[in-house]
Amino acid sequence: MKQILLVCNSGMSTSMLVKKMQQSATERGIEVSIEAKSITEAKKNIHEADVILIGPQIRYELPAVKEIAGDIPVEAIDMRDYGMMNGPKVLDQALALIGE
C-alpha cells in the first residue's frame, strides 16, 4: 500500500481533499493511505511516505521539504486543483510521481 502525505500549514485545510482523494482511490480499486499533516508534524515522520504533496499556500517550503525528504518525490499541488478540491486529479499527480 502506497503512503501519500499532504502537507499544509495546519493540516486542516487538506482534510477535505484527502477525503475526495480516498473516495477516488476506492472507486478505482487503488489501495493507498492518504494523510494530511501540518508542516511541523510532517517533518517528524516524513520518511514513512512514498510521495509528498505540498499545499499551494506553503509552496515556499518546497525546497526545504525536498531536502528533508531525500529520495521521496515531493511536489506542490496545483493551485486550481487544490482550490476546487479535485481529489481525482491530485491522486493522479501523487500516483504519477511514484510511477503508479
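The values are calculated or read from the model by the stated rules, or taken from the named source; none is laboratory data. All values derive from a computational prediction rather than experimental measurement. Using ideal geometry, Cβ is built from the backbone for each residue, glycine included, and neighbour counts are taken over all protein chains shown.
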Quick check on this structure: which one of Y60, Y82 is in contact with a Pro (Cβ under 7 Å, 6 or more places away or on another chain) and of a type in the set (S, T, Y)? Y82
Checking the structure you have, find out if any residue of the stretch 13-27 is touching a strand residue (DSSP E or B) at 6+ places or on another chain (Cβ under 8 Å), farther than 16 Å from N86 by Cβ and modelled with pLDDT under 95. no
